[in-house]
Each structure stands twice: as structure tokens, then as C-alpha cells.
Amino acid sequence: MTFYRVFMVLLLLFFSTFANAQAVETDLKEISAASVVQEKESSSIKMLFSIAELQKRLNSRISEKRERFEKSSSEAEKETLKSELTRLDKQLNAAIGDFEQIATGIDTGLFAEKDREEFDWQDEILSLVKPGIKEIKRLTLKARQKTKLKEEISRYETILPVAHNAIENIRLLVSKTSEKKLQRKLKGLLPEWKGVAGQIENNYKIAAMQLAKMEQGEKPFVETFQDSIKNFFRTRGLFLSIAVFACLCVGFFFRLFYRLLVKFIPGYTSKYRSFYIRAFDLGFKLIALICTLSVTVLVFYLAEDWVLLSLTIIFIIGIVWAIKHTLPKLWHQSRLMLNIGAVREGERILYHGLPWRVKEINFFCKLANPSLGISLRLPIEELLGKISRPVNRDEPWFPCKRNDWVILEDGIRGKVTNLSHEMVELVQRGGAQKIYQTQDFLAQSPLNLSTGFRLKVLFGINYDHQQESTGSILKILHAYIQEQIIQEGYSDDLLNLRVEFNSADDSSLGLVVIVDFTGKMAPLYQRLKRAIQRWCVDACTENEWNIPFPHLTIHS
């Protein structure tokens with residue numbers, strides 16, 4: 001219990017000491033603030049007294065100049081005095097303005113009446129830009145004011161010694177001359193140059209006081225940045241967020257409404273839609289865009305944020321101006337979307353040298369090639385300047401398909417493993433791969449074996465068998481090859497077999513074996529060629545038919 005009491009006493013002492021320290025610190029802050037206020041008030045009173053003295057001197061100089069102007073008989077001197085009076089009046093007005101500004105502590109120019117301006121539609125349009133420019137000027141106001149004050153102070157520091165030097169030179173000349181008339185004229189210059197020096201010194205003090213006041217009220221950069229961010233999200237950032245949220249809500253609403261239309265309007269989901277449905281779809285999207293932009297303008301108008309409102313209006317005007325220059329292009333795009341342009345859905349079009357079926361025309365269009373098994377997604381601009389035509393039922397979309405066997409003009413035979421509108425890959429017997437760009441592949445005029453093919457094998461026998469060459473030999477050879485095809489298991493894919501007499505050559509009687517196979521035998525194309533040659537030789541051996549060879553005959 002004793003320890004507990006001691007602890008509570010120490011805790012009370014600590015809090016009382018801390019409260020006293022806080023009170024002392026608060027008193028010190030109040031005293032320092034009061035001293036700063038008193039210092040400012042004393043400096044302001046001194047400045048006001050100095051400006052009042054300056055006004056008094058300027059009034060006396062103006063009176064003096066006016067008397068000289070009325071007494072003068074020279075026109076040149078009157079013009080000079082008139083210009084000096086104008087300059088002194090400006091200085092006096094400036095001194096009166098400075099006196100009011102320091103006395104009131106505000107910018108008195110805010111209460112000045114402005115001239116009434118006539119209506120000009122060009123100026124009214126340009127006035128939309130003014131809020132944005134004013135906002136930029138407001139953000140950089142302090143920096144520009146500080147720079148301007150520093151430049152003025154630097155200028156006053158440069159010319160003030162020159163003015164004092166001029167006064168000293170005049171006084172020196174007055175003391176050195178003994179001519180009364182000259183002394184009188186020189187002394188007449190002294191009030192004017194004293195007034196100039198006093199005006200410069202007064203302006204220098206005002207600028208220095210304003211700069212000191214601005215620097216005293218400045219905060220650290222981090223604190224200023226944090227305050228700017230907080231202020232942005234409390235005002236303009238909040239309005240911007242509300243506008244974005246409103247746009248998203250409007251877009252979501254139109255999206256849901258669009259899905260309902262798709263479900264309940266007949267023909268909306270058909271493969272190829274009618275002109276009226278397309279026109280309605282295009283108009284619906286245009287109305288959705290206009291409503292979204294209008295909601296943004298409405299939010300900024302209700303929030304009375306004229307900067308964001310003017311920027312939004314400028315953005316919309318920019319869009320309209322851009323549409324004005326791209327109107328012909330938009331007209332052609334609209335015709336395409338309405339399916340009344342040069343390219344229409346369901347028709348055939350050439351793109352990058354390949355035929356494509358136009359599946360869908362929208363802001364992004366879909367093209368498909370049934371043989372390649374791929375589709376493209378293109379912006380509608382890609383279809384401008386192109387022409388489509390109706391599709392014939394039996395016309396091909398590509399010379400081959402994947403897994404087909406082809407022979408090219410360069411002699412390459414292989415299986416198509418991959419193909420697209422960019423490249424075609426062939427795999428030859430044995431596994432070797434060869435890749436062609438699609439345009440180069442088409443230039444090779446590929447022969448597709450997978451749809452079926454014919455083999456024509458030429459064979460010759462000796463003239464000793466001339467009598468039987470067009471009769472029994474043909475039947476015997478046909479039966480023999482037929483039997484061999486059955487034995488080796490090729491009969492299921494045999495479509496046709498003929499053995500015919502071909503020609504009477506110089507040293508032999510030419511026969512031709514014609515065999516048609518289905519596309520399944522395409523991988524064995526060369527093997528079948530060699531097999532037919534072998535079967536012909538075996539038939540000659542079995543039937544003792546002589547196979548000729550070239551003879552060299554010398555005539556004398």
C-alpha cells in the first residue's frame with residue numbers, strides 16, 4: 001500500500017509538472033506571436049508615415065510644376081512640364097494605392113470597377129479555357145510573386161545608389177559654384193531627385209516587407225505537398241471520383257439494357273443481322289456515349305467546379321473537331337457496320353493474299369478461314385478500301401489442311417503439320433522439317449496428295465513381242481499387278497488400275513501403268529511408284545518378255 005501511494009504521488013507530480021510546462025510553452029508562444037504582431041504593426045506604421053511624407057513631397061512638386069507651367073511662355077518647356085506632371089501624377093496615384101494597401105492589409109485592386117465589355121462569340125468560346133489557365137496561375141501564384149518581388153528588390157538595390165549619387169552630385173555642384181542663378185537652378189533639381197530617391201526607397205521597403213511576409217508564411221515542401229493532396233481529394237479529386245463513378249454506373253446500366261435488347265428483340269442474335277437491327281445497334285451505342293459524356297458534364301456543373309467543367313467541354317469540343325476532319329472515314333465505317341458497304345458479312349475477302357470469310361463487322365471485325373482453322377480480330381479501319389464478294393459453295397479456302405501430304409514445285413514432299421496466314425510447316429519422311437512463309441508456299445503451287453492421286457509408270461518391252469504388245473501382254477500385266485496389289489495390302493485404297501499401250505519408241509514398245517489411290521496412301525507415294533516398277537520387271541521375268549536397252553546403230 002505504501003508503494004502504491006508513493007507511485008500515485010510521483011504520477012501526480014509528473015502530470016502537474018508536464019501541465020505547467022505546457023502552460024509555460026503556450027504562454028511563450030502567445031508572447032512571441034504578440035511580439036511578432038507588434039513588430040508588424042510598428043513596421044506598417046513606419047511605412048505609412050514614410051508614404052505620407054512622400055505624398056506630401058509629390059503634392060508640393062506637382063504644385064510647383066503647375067505654377068511653372070502657367071507662367072511659362074515656351075511651348076517646348078510646357079511640353080516638358082506636362083510630361084513631368086503626368087509622371088508625378090502616376091507616382092502620386094501609386095503612393096495613394098500603396099498607402100491604402102498597407103493600411104487595409106488587402107489588395108484594393110479587387111474592388112476596382114471593370115469596364116463593360118461587348119459580347120463576342122469568339123471571346124466567349126475562348127473564355128472556356130480561362131478557368132484552366134487561372135487554375136494554373138493560381139497554383140504558381142506564390143512562386144511568381146516571389147520571383148517578381150526579388151527582381152524588383154534587385155532593381156531597386158541597383159538604382160537607389162544611383163539616385164543618391166545624383167543628389168550628391170547636385171549638392172556638390174551647388175557648393176562649388178558662386179553663380180546665384182545657376183545655384184537656384186541646381187537647387188530646383190534637388191526636390192525632384194529627392195522625390196525620385198524617396199519613391200525608390202519606399203518601393204524597395206514595400207517589396208522587401210511583402211517578400212518577408214511571404215517567406216514567413218511559407219511551410220515546408222512536404223507539408224505543403226501533403227496539404228495540397230488532402231485539399232485535392234476533399235474538393236476536386238472528390239468531384240472527379242464522383243464523375244468517374246457516375247460514368248461507370250451509366251455504362252453498366254446501358255450494358256444491362258443492351259443484354260435485355262439482345263434477348264427480346266427478334267433477330268438480334270442471328271448470324272447475319274438485318275439493316276434495321278444494325279442501325280438500331282449503332283444508334284444505341286452512340287446514345288450511350290452521349291449520355292456518358294453528359295453525366296460527366298452534369299456532375300461538374302452541380303459541383304460548380306468550373307475548371308473541370310471547362311476542361312471536359314474542351315475535351316468534347318476536341319472530339320467534335322477531330323470528327324469533323326475524319327467525317328468521310330467515319331461515314332465509310334458506319335456503312336460497313338450497317339452492312340451496306342463494300343465489305344459485307346458472310347462474303348469472301350482477300351487479306352494478306354489469303355481468302356477469308358467475313359464473320360462479323362463491328363468496331364472490331366472477325367475474319368475466318370475454314371481450311372486454316374484460324375480467325376483474325378481486326379479493327380474496322382483495316383477493311384476500308386477492300387471489297388468482298390459472295391462465296392461459291394465448292395471453292396477452296398486453302399490448297400491443303402493440317403495433316404495433308406503435299407508435293408511442291410521444288411520437289412519437296414511432306415506432311416503439313418502447322419499452317420497459318422503467316423507460315424506453313426512441312427515434315428518430310430524421316431522427320432526433317434521445312435518451313436515456308438505462306439506466300440512462298442502458295443507460290444510453289446502445292447499438289448495435295450491427301451485428296452487422292454494417280455501414278456503413271458512408263459515401261460518398255462522389246463520389239464520381239466510386237467504381235468502381243470497390244471493384246472495379251474496388256475491383260476497379263478494388268479492381272480499380275482492386280483494380284484500384287486492385293487498381296488501387299490493396297491487393294492482397299494485402290495480406286496482404278498489400267499495398263500495401256502503408250503507408244504512405239506526407237507528401241508522399245510512403250511507401255512503405261514495407270515493406278516489411282518485414295519488419299520490414305522499419300523505417305524507411300526514414292527514407295528508405290530517403285531513397287532509398280534518392280535512389279536513390271538517381275539512380270540517380264542515370269543513371262544520371259546525381253547526388256548530392251550538403247551542400241552547404237554552406225555549407218556555407212
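Between residue 386 and residue 542, what is the label-point separation in nm under the 7 Å Cα-to-beta-carbon projection?
So the label points at residue 542 and residue 386 sit 5.9 nm apart.
Count charges around residue 175 for me, please; just the other residues with Cβ under 12 Å from its Cβ, Lys/Arg as +1, Asp/Glu as -1.
Numbers: positive: 171, 176, 187; negative: 168.
Result for the neighbourhood of residue 175: +2.
Suppose R0 equals 41 Å; then what is the FRET efficiency for residue 53 and residue 154 from their Cβ-Cβ distance, rounded to the nearest 0.05?
Numbers: r = 25 Å, r/R0 = 0.62.
Result of the calculation: an efficiency of 0.95.
Could you do me a favour and compute the accessible area per residue for the stretch 323-482, 1.4 Å probe, result in Å²?
56
Carbon-plus-sulfur fraction of the accessible area of the stretch 486-531, 1.4 Å probe, in percent?
Values: 980 of 2320 Å².
Accessible surface attributable to carbon and sulfur in the stretch 486-531 totals 42 percent.
If each of residue 467 and residue 393 carries a label point 7 Å out from its Cα toward its Cβ, how far apart are those two points in nm?
5.7
Please give the length that would be gained between residue 214 and residue 451 if that part of the chain were fully extended, namely 0.36 nm times their separation in residues minus their C-alpha to C-alpha distance (nm, one decimal). Let's see the in-between values first.
On the way: separation 237, 0.36 × 237 = 85.32 nm, distance 9.05 nm.
Computed gain between residue 214 and residue 451 is 76.3 nm.
If we count every other residue with Cβ under 14 angstrom of residue 251's Cβ, Lys/Arg +1 and Asp/Glu -1, where does the sum land? Walk me through the numbers on the way to the answer.
Numbers: positive: 255, 259, 285; negative: none.
Here the count lands on +3.
Using the basic label-point model (7 angstrom from Cα toward the beta carbon), what is the residue 249 to residue 527 distance in nanometres?
With each label point 7 Å from Cα toward Cβ, the separation is 7.4 nm.
For the stretch 406-423, list residues with backbone N below 11 Å from a point placed 7 Å from the Cα of residue 442 toward its Cβ?
421-422
The values are calculated or read from the model by the stated rules, or taken from the named source; none is laboratory data. The structure presented is a predicted model; accordingly, all values stated were derived computationally and were not measured. Cβ coordinates were reconstructed from backbone atoms using ideal geometry, including for glycine residues, and neighbour counts include every protein chain displayed. Quick note on the areas: whole protein, heavy atoms, side chains included, nothing else; ligands and nucleic acids left out. Shrake-Rupley method; radii C 1.70, N 1.55, O 1.52, S 1.80 Å.
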